[in-house]
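Each remark here refers to the structure printed beneath this line.
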Amino acid sequence: MKLDFFDANVYIGRPMRTVLRPVRNSAELLAEMDRAGIEKSLVWHIAEHDAGPMDGNRLTSREISGQERMLGCWAILPPRTREVIDRGFFRQMKQNRIAALRAFPHLHNFLLNRVTFGKFLDEVSERKIPLLLSVQSQRNVSWSEIYDLVKEFPKLTCIICDVGDWSPNRYTWPLLENYPNVYLETSGVSVVEGCLEDTAREFGAKRLVFGTSLPEKYPDAAMLQLIHADIPDADKKKIASGNLEKIIDRIEL
């Protein structure tokens with residue numbers, strides 16, 4: 001059985017901290033995708049985190065321009081400061097083929113809550129635009145912050161990335177049970193033996209979205225975990241690309 005992989009969690013650019021094999025630009029990413037056998041990617045530029053969303057978002061748009069196998073992901077800042085979000089923000093997303101958002105509240109000095117993002121995240125929720133949040137130590141949003149955020153914005157489409165390798169079900173399963181628009185990206189889920197299978201059986205394969213965490217992890221690892229997972233082939237296809245395709249198809253820009 002052949003799976004078509006759509007990677008939800010990959011960045012390009014040289015990070016400030018060391019990465020063994022950075023993917024510097026879209027050309028290098030395409031080469032890596034071809035080597036691994038990944039059809040499409042949802043891409044963000046590391047400068048969105050390390051330098052700031054103003055420059056990083058522009059770099060993302062530039063890198064994916066003309067790349068049909070890539071869609072972009074922009075980082076956000078509080079709407080009130082008008083540094084990133086303005087009246088034409090969603091129109092600009094559509095023009096630049098941006099299909100998701102990210103937030104890095106700790107490094108960028110803001111609170112990811114209703115007081116800061118109320119009307120904006122209400123509209124993001126209504127437009128069904130996914131917000132990707134990483135719980136990885138270097139760029140993390142804490143679990144308590146994620147719990148508080150989805151409680152304040154229960155309709156928000158939220159993809160939790162890089163979930164870690166120590167009993168993640170204790171954090172993730174209550175969210176999946178209570179918030180139907182919360183999804184898990186698989187690069188961290190796959191690390192724990194049986195976690196992907198158990199989550200798929202408990203909540204359905206539709207709640208899992210394939211990702212590799214490239215270039216910080218080897219994409220082959222996440223791919224092989226899914227290929228050899230003890231779940232039906234139809235579920236593997238949903239996780240590999242179908243679920244992310246549906247999420248993106250629902251977006252209203």
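Bear in mind that the values in this text are calculations on the coordinates, not laboratory data. Source: prediction; values computed, not measured. Neighbour counts run over all protein chains shown; Cβ positions are idealised from the backbone, glycine included.
Computed values, structure above
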quantity: Net charge contributed by nearby residues that have their C-beta within less than 13 Å of Arg17 (K/R +1, D/E -1); calculated: 0
quantity: Neighbour-count ranking [beta-carbon atoms within 10 angstrom, fewest first] of Arg82, Arg207; calculated: Arg82, Arg207
quantity: Fully extended contour minus Cα-Cα distance, from Leu253 to Leu20, at 0.36 nm per residue; calculated: 80.2 nm
quantity: Per-residue [θ]222 nm for the chain (sum of -39500 (n - 2.57) over DSSP H runs n ≥ 4, rounded to 500); calculated: -11000 deg cm²/dmol
quantity: Two-site FRET efficiency, Glu39 against Leu107, from Cβ-Cβ distance with R₀ of 30 Å, rounded to 0.05; calculated: 0.40
quantity: Protection proxy ranking of 149-158, 31-40 - average other beta-carbon atoms within 10 Å, highest first; calculated: 149-158, 31-40
quantity: Members of Lys217/Lys246; Lys94/Lys217; Lys155/Lys238; Lys94/Lys238; Lys94/Lys155; Lys40/Lys119 lying beyond 27 Å, as alpha-carbon distances in this model show; calculated: Lys94/Lys217; Lys40/Lys119
quantity: Label point distance in nm, Lys94-Arg69, each placed 7 Å from Cα along Cα→Cβ; calculated: 2.8
quantity: At R0 = 41 Å, FRET efficiency that the Cβ-Cβ distance of Arg82 and Trp173 yields, to 0.05; calculated: 0.60
quantity: Within-14-Å neighbourhood charge of Val182 [Cβ basis; K, R +1; D, E -1]; calculated: -1
quantity: Orientation-averaged projected area, Cα convex hull of the chain (nm²); calculated: 12.1
quantity: For region 11-65, average projected area of the Cα convex hull in nm²; calculated: 3.7
